[in-house]
1. So which residues in region 148-193 are under 13 Å from Val89 (Cα atoms) and within 12 Å of the chain's Cα centre (by Cα), if there are any at all?
2. Could we say that Ser83 is more than 13 Å from Pro193 (Cα to Cα) and at pLDDT below 80 here?
3. When you check Asn145 against the structure, is it in contact with a strand residue (DSSP E or B) (Cβ under 7 Å, 6 or more places away or on another chain) and either assigned to a loop (DSSP other than H, G, I, E, B) or in contact (Cβ under 8 Å) with a residue 12 or more places away in the chain (or both), yes or no?
4. Going by the structure shown, is Leu78 at pLDDT 90 or above, buried (at least 18 other Cβ atoms within 10 Å of the Cβ), at negative phi and not basic (Lys, Arg)?
5. Between residues in region 171-185 that are closer than 13 Å to Lys118 by Cα and part of a loop (DSSP other than H, G, I, E, B) and residues that are among the hydrophobic types (A, V, I, L, M, F, W, C) and at pLDDT below 80, which pairs lie under 7 Å by C-beta distance while being six or more apart or on different chains?
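The values are calculated or read from the model by the stated rules, or taken from the named source; none is laboratory data. Here the structure is a predicted model, which means the values were calculated and not measured. With ideal geometry, Cβ positions are generated from the backbone for all residues, glycine too; neighbour counts draw on all protein chains shown.
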Amino acid sequence: MEQVENFKENEDVDYNEVKATPAPVVSMYAPIEEESEMIMAAEPFECYKWNRFDQDIIDFFGGDKTILVGCYKGKKYLEWILSNRIYNVRLGKTKGSMEENKEMFGKTSLLVLYELGKLNKLSVYRITSKKEMGKDELISLGYPNPKPRKSYMTFGISPLNMDLSLLVNQHLIEKLIDINPNNAKGTPVFIEP
């Protein structure tokens, strides 16, 4: 199986829809012995280590990359993401925000995106840049949320043409949700070495 760095960019791909095949989830993730393996910032931002996941998922990404797993709320948000080629996460200390962590943001190389409530609808993007943006700048780009927050970290993205069936069949998104089921739906999650 090719690793992520061997996949080519495809400017014409919006996203890949992959249907999951029914399979029981046997081993969710490796047990954690120390709480230091999970880093929490302003809720509900989360960061996990690769050792929490099955070896197949680690091998798919190479296990040496920091990735962002993000969510969008519906068609208008996806259209905005694709037309502007950016994905954003809130900054700050309010609920639904994350504290700025420039070191991790700079290391983040891939975005795995799914639609809220549709865990088998995945797409993947190479992160090409990062930039802090205020609400006025997002509004000027036609951001679909009528009341955006004060500050966001945005990631420039370029679509990758990848077969994501392994991630769907290995239940990547469900595993992320199961790690912290009390957290808000759509929580942005970073996974790092």
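1. Those that are under 13 Å from Val89 (Cα atoms) and within 12 Å of the chain's Cα centre (by Cα): Phe155, Gly186, Thr187, Pro188, Val189, Phe190.
2. no
3. Answer is no for this residue.
4. Judged against the criteria, Leu78 is a match.
5. Partner pairs satisfying both residue conditions: His171/Val25.
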